[in-house]
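Just so you know, all these numbers are worked out from the coordinates, no wet-lab data involved. Remember, it's a predicted structure, so these values are computed and weren't measured experimentally. Here the Cβ is made from the backbone with ideal geometry for all residues, glycine too, and neighbour counts use every protein chain on show.
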Amino acid sequence: MSEKHITVKEVTLNNNCPECYNNKGLILSFQQQFIETRFYKSITAKVNHKLACKVCNTTIYPVQWNEDIERVVAYQEKAFTPKNPSTYLKKISWVIIIIVLVLALSLTILVFYPK
């Protein structure tokens with residue numbers, strides 16, 4: 001089972017970076033969890049956000065945020081609409097489901113209509 005995080009939305013912020021004090025490099029990205037197994041693919045409702053500065057190439061953690069950054073991040077979280085959680089069954093899952101249904105149907109026929 002592999003878990004990935006797909007970037008759904010990236011927002012450029014005009015706030016000053018707490019590390020390099022540049023106001024052009026902050027990017028807030030929202031990522032949604034994507035799970036893929038042998039039998040299905042699934043987009044979950046779990047959403048993470050990450051704040052990074054592209055000028056100094058650092059991740060800005062919530063401990064380093066000032067009040068302005070907190071306000072902007074809170075606003076962007078409210079404005080963000082994630083993708084709907086969904087599950088997609090792969091071919092092998094459908095084959096297994098059909099085989100089980102055929103076996104159940106044939107067993108039912110043999111039990112109720114013996115020759």
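Given segment 2-90, what count of lysine pairs have C-alpha atoms under 12 Å apart, with each pair 8 or more places apart or on different chains?
7
Quick check: the angle from helix 91-112's long axis to the longest principal axis of the chain, C-alpha only, nearest 10 degrees?
30
In debye, nearest 20, what is the charge dipole magnitude of the chain about its Cα centre with +1 on Lys and Arg Cβ and -1 on Asp and Glu Cβ, if you could check?
680
Highest first, please rank the peptides 63-71, 48-56, 25-33 by the mean number of other Cβ atoms sitting within 10 Å of their residues.
Top to bottom by mean Cβ count within 10 Å: 25-33, 48-56, 63-71.
What aspartates and glutamates could a cross-link reach from residue 91, if we take a straight Cα to Cα line under 15 Å and drop same-chain neighbours fewer than 8 places away?
36
Name the residues whose placed amide hydrogens come within less than 5 Å of the amide hydrogen of residue 58, ignoring near sequence neighbours (fewer than 5 apart) on the same chain.
Here the answer is 53, since their amide H atoms fall under 5 Å of that of residue 58.
Neighbouring Cβ atoms within 10 Å as the yardstick, rank 58, 108 fewest first.
Neighbour counts put them in this order, fewest first: 108, 58.
Hey, could you grab the Kirkwood Rh for segment 2-90? Inverse mean 1/r over distinct alpha carbon pairs, Å, one decimal.
For segment 2-90, the Kirkwood estimate is 14.3 Å.
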